[in-house]
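In what follows, a structure is listed as structure tokens, so that the remarks can point back to it.
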Amino acid sequence: MRSLFFAFAIAATMSGCVKQSTYDSALDENKRLQGELADAQKKEADTEKTLGDKIKELEGQLGTLDETTKNKEEELGKVQGEKAATEKELAELRRQKEAAEKRIAAYKALQDKFRALVDTGKLQVVFRNGQMTLKLPSGILFPSGSAELSKGGQGALADVVKILLEFKDRRFMVAGHTDDQPIKTREFPNNWYLSTARANSVVQFMIKQGFPPKALGAAGYGEFDPVADNKTEPGREQNRRIEIILVPNLEELPSLTGAPPA
């Protein structure tokens, strides 16, 4: 614009057609226009700076919002994970409660069935090590130092098996126990041999009475799992025993791995 003005001024001067007042007026107009241009440029620069600052501010706010959103999402994920873990734990506790109720129901059913034998003292029905156990004194079943069932022992065991046949869908472990008095014979070098042989004799008798072999097992513990003090004769008598243990079904056992029962 300035160059155009000078070109006009020179042309006017050369032509001698423009008055001095007109020239001055043109100069004033040029100055005004230049001032307006400078103002406009400054305003534009200020506007750009303001917009830049605003954009930075908004970008900062957006970053804060992104971080807050991320934190909230992490918190939500943690809460959901804790909720799922709690629900899983609650389901496992309910399952264990149901399993315990089943074991108690089975215990009561067996106890009711065996009440007559319990009342005679030939048998005890107890919970031991978390397992339902029938305890038969060895003195009723076997002669001293022998693993062969006596006539009276066969009769007592036959009464027990008759009732157990009602539960033949369950598995049972027959465990032999002795007191701590040592034994050393050709047949039984120590109490391990005697306790194991007695348990096996009971298993064989149960099988002959019709109990399914696949539902039975035999084990001997010698004198190493006492239930009373071996220093007294009454204590040793309690330790000389046969136990018939109800083996829990898998679904009755608490989960040790977190996996659902088979």
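Could you check the stretch 136-171 and list, in sequence order, the residues that are within 20 Å of TYR193 (Cα to Cα) and of a type in the set (D, E, K, R)? The one that is within 20 Å of TYR193 (Cα to Cα) and of a type in the set (D, E, K, R): GLU148. In this structure, does ARG171 turn out to be out of contact with any Asp or Glu (no Cβ under 7 Å at 6 or more places or on another chain), within 16 Å of ARG128 (Cβ to Cβ) and not aliphatic (A, V, I, L, M)? No, not satisfied. Give the stretch 158-203 a look and list any residue that's in contact with a Lys or Arg (Cβ under 6 Å, 6 or more places away or on another chain) and either over 12 Å from GLY220 (Cα atoms) or at pLDDT below 95 (or both), or say none. Within the stretch 158-203, ILE163, ASP179 qualify.
Only one of the numbered conditions (1) among the aliphatic types (A, V, I, L, M); (2) modelled with pLDDT of 85 or more; (3) more than 30 Å from LYS168 (Cα to Cα) is not met by LEU93, and that is (3).
Pairs linking a residue in the stretch 100-126 that is in contact (Cβ under 8 Å) with a residue 40 or more places away in the chain to a residue that is part of a helix (DSSP H, G or I) and among the aliphatic types (A, V, I, L, M), with Cβ atoms under 7 Å and 6 or more positions apart or on different chains, are LYS113/ILE163; PHE114/ILE163; LEU117/VAL160. The numbered conditions (1) more than 17 Å from LEU123 (Cα to Cα); (2) crowded, with 18+ Cβ neighbours inside 10 Å; (3) at pLDDT below 95 are all true for LEU250 except (2). When LEU216 is tested against the conditions (1) crowded, with 18+ Cβ neighbours inside 10 Å; (2) over 17 Å from SER144 (Cα atoms); (3) out of contact with any helix residue (DSSP H, G or I) (no Cβ under 7 Å at 6 or more places or on another chain), the lone failure is (3). The number of residues in the stretch 169-182 that are touching a helix residue (DSSP H, G or I) at 6+ places or on another chain (Cβ under 6 Å) and surrounded by fewer than 19 Cβ atoms within 10 Å (Cβ to Cβ) comes to 1. Answer yes or no as to whether PHE188 is over 41 Å from the mean Cα position of the chain (by Cα), surrounded by 19 or more Cβ atoms within 10 Å (Cβ to Cβ), in the same structural domain as PRO234 (by TED's automatic domain parsing) and farther than 23 Å from THR232 by Cα. Spelling it out, PHE188 is indeed over 41 Å from the mean Cα position of the chain (by Cα), surrounded by 19 or more Cβ atoms within 10 Å (Cβ to Cβ), in the same structural domain as PRO234 (by TED's automatic domain parsing) and farther than 23 Å from THR232 by Cα.
Does MET206 qualify as being in the same structural domain as VAL227 (by TED's automatic domain parsing), in a helix (DSSP H, G or I) and modelled with pLDDT of 95 or more? For MET206, the condition - in the same structural domain as VAL227 (by TED's automatic domain parsing), in a helix (DSSP H, G or I) and modelled with pLDDT of 95 or more - is met.
The values are calculated or read from the model by the stated rules, or taken from the named source; none is laboratory data. Since this is a predicted model, take the numbers as computed values, not measurements. For neighbour counting, all protein chains shown are included, and Cβ atoms are generated from backbone atoms with ideal geometry for every residue, glycine included.
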